[in-house]
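Undergrad: Have a look at this one.
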Amino acid sequence: MRLATWNVNSIRTRADRVVAWLQRSDVDVLALQETKCRDDQFPESRFTELGYQVAHVGHSQWNGVAVLSRVGLEDVEVGFPGMPTWSAKEGVEPAPEARALGATCGGVRVWSLYVPNGRTLTDPHYRYKLAWLEALRTAASGWLAADAGAQVALVGDWNIAPQDDDVWDVRVFAHSTHVSEPERAAFRAIVDAGFADVVRPHAPGPGVYTYWDYTQLRFARREGMRIDFVLGSPALAARVTNALVDRQERKGKGASDHAPVVVELAD
């Protein structure tokens, strides 16, 4: 079984690329982030024509997550228990954002996650990010406490570079989000709860990135960040035979600023 995650930065803009990549990559399950559309705008038929079932949650032109699967799609769940709410506007009641979608695919509980960005270290969105990650850790710990043998994949855009090797120059990010110690501690807490980074052993750094900003020729200059991850429960991690970042998919006209991350699981 091949499981992948990809922040596509607008599915309507990049549907053709995603379809072509699915046809080439032979992926069974693909988690998408930043679809940037409402549910009624998601180009579902493009993927059902390829044999994939589709689950998506999106409320507006921001955020949005999906799971595509050709090995079954069951028990779809929008948001994890305890997921914090957010409102950017004063006087507007906070509500859950379209940042987490769970589904059982071929016996694996796949969570497509788009972790809040945090913006700056002094922005309320940063505190929201840390609260969101802590709620995810609590929920994920509960899943393993209920079933130690559960096969769970927490995948997506984490908006965290957990190690210095995960950015091209950590000095550039001094006093910025994505590399701050509280964010890294939140990421480690989820790993410590039993969810291993199953990609790093097969694609070690430095220089292995999943995201390159569109500006300042970051991709051509190999100035990237590793912020997209697959974290697996013990039972899932034991099945991983290979993993890779498909850097080629960041090339060319109309590419997302993220590359797909692919994990191969033994039957």
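Undergrad: Per-residue counts of other Cβ atoms within 10 Å, averaged by peptide: what ranking do you get for 171-184, 105-118, 229-242, highest first?
TA: Details: 171-184: 14.9, 105-118: 22.6, 229-242: 20.2.
Highest to lowest by the protection proxy: 105-118, 229-242, 171-184.
Undergrad: For the chain, max minus min Cα coordinate along each principal axis, in Å, sorted largest first?
TA: 45, 44, 40
Undergrad: What whole-number value in Å² describes the accessible area per residue of region 49-145 for a 1.4 Å probe? Walk me through the numbers before you get to the answer.
TA: Details: 4350 Å² over 97 residues.
Each residue of region 49-145 exposes 45 Å² on average to a 1.4 Å probe.
Undergrad: Work out Dmax and Rg for region 52-94 from the C-alpha atoms and quote the Rg first, both in angstrom.
TA: When restricted to the Cα atoms of region 52-94, Rg and Dmax are 13.8, 44 Å.
Undergrad: Name the long-range amide H neighbours of Asp228: under 5 Å, sequence gap of 5 or more, or other chain; modelled H, no Pro or chain starts.
TA: Excluding prolines and chain starts, which carry no amide H, the hits are Trp158, Thr210.
Undergrad: Kindly identify region 128-174 as rounded, prolate or oblate by the Cα gyration tensor criterion: order the square roots of the eigenvalues as a ≥ b ≥ c, call it rounded if a/c is under 1.5, otherwise compare a/b with b/c, prolate if a/b is larger, else oblate.
TA: prolate
Undergrad: When every alpha-carbon pair in region 19-142 is counted, what percent end up more than 19 Å apart? Before the final figure, lay out the partial values.
TA: Values: 3935 of 7626 pairs.
Of the Cα pairs, 52 percent sit more than 19 Å apart.
Undergrad: Let me ask something else. How do the peptides 50-63, 29-42 rank, highest first, by the average count of neighbouring beta carbon atoms within 10 Å per residue?
TA: Values: 50-63: 18.1, 29-42: 22.8.
So the peptides 50-63, 29-42, ranked by packing, come out 29-42, 50-63.
Undergrad: Just check region 10-86 against the gyration tensor rule for me: Cα atoms, a ≥ b ≥ c as the square roots of the eigenvalues, rounded for a/c under 1.5, and otherwise prolate or oblate depending on whether a/b exceeds b/c.
TA: Working: a/c = 2.15, a/b = 1.38, b/c = 1.55.
It is oblate, given that a/c is not under 1.5 and a/b is not larger than b/c.
Undergrad: Keeping the other protein chains in place, figure out the carbon and sulfur percent of the accessible area of the chain, with a 1.4 Å probe. Before the final figure, lay out each step's value.
TA: Values: 5650 of 11340 Å².
Looking at the chain in its full context, I get 50 percent from C and S.
Undergrad: Semi-axes, largest first, in whole Å: what does sqrt of 5 times each Cα gyration tensor eigenvalue give for region 1-46? Mind dumping the intermediate values first?
TA: Values: eigenvalues 66, 25, 18 Å².
Semi-axes (√(5λ), whole Å): 18, 11, 9.
Undergrad: Does region 72-168 come out rounded, prolate or oblate by the C-alpha gyration tensor, with a ≥ b ≥ c the root eigenvalues, rounded set by a/c under 1.5 and, if not, prolate when a/b is larger than b/c and oblate if not?
TA: Values: a/c = 2.09, a/b = 1.40, b/c = 1.49.
Taking the square roots of the gyration eigenvalues as a ≥ b ≥ c, region 72-168 is oblate.
Undergrad: Over the alpha-carbon set of region 164-237, work out the extent along each principal axis and list the three values in angstrom, largest first.
TA: Reported extents, whole Å, longest axis first: 41, 26, 18.
Undergrad: For Val240, which sequence-distant residues (separation of 5 or more, or a different chain) have an amide H within less than 5 Å of its own amide H, given hydrogens modelled in the peptide plane?
TA: Ala266
Undergrad: Let me have the 222 nm mean residue ellipticity of the chain computed from DSSP H runs of 4+ only, each contributing -39500 (n - 2.57), with the sum over all residues rounded to the nearest 500.
TA: -7000 deg cm²/dmol
Undergrad: Per 10 Å bin, what is the whole-percent P(r) computed from every C-alpha pair distance within region 87-133?
TA: Reading upward from the zero bin: 22, 42, 23, 11, 1.
Undergrad: Follow-up. Order the peptides 260-267, 88-95, 21-28, 152-159 from the highest to the lowest mean number of other Cβ atoms within 10 Å of their residues.
TA: 152-159, 260-267, 21-28, 88-95
The values are calculated or read from the model by the stated rules, or taken from the named source; none is laboratory data. Predicted model, so just to flag it, every value in this text is computed and none were measured. Here Cβ is always computed from backbone atoms with ideal geometry, including for glycine, and neighbour counts include all displayed protein chains. Ligands, DNA and RNA are excluded from the accessible area calculation, which covers all protein heavy atoms including side chains. Shrake-Rupley method; radii C 1.70, N 1.55, O 1.52, S 1.80 Å.
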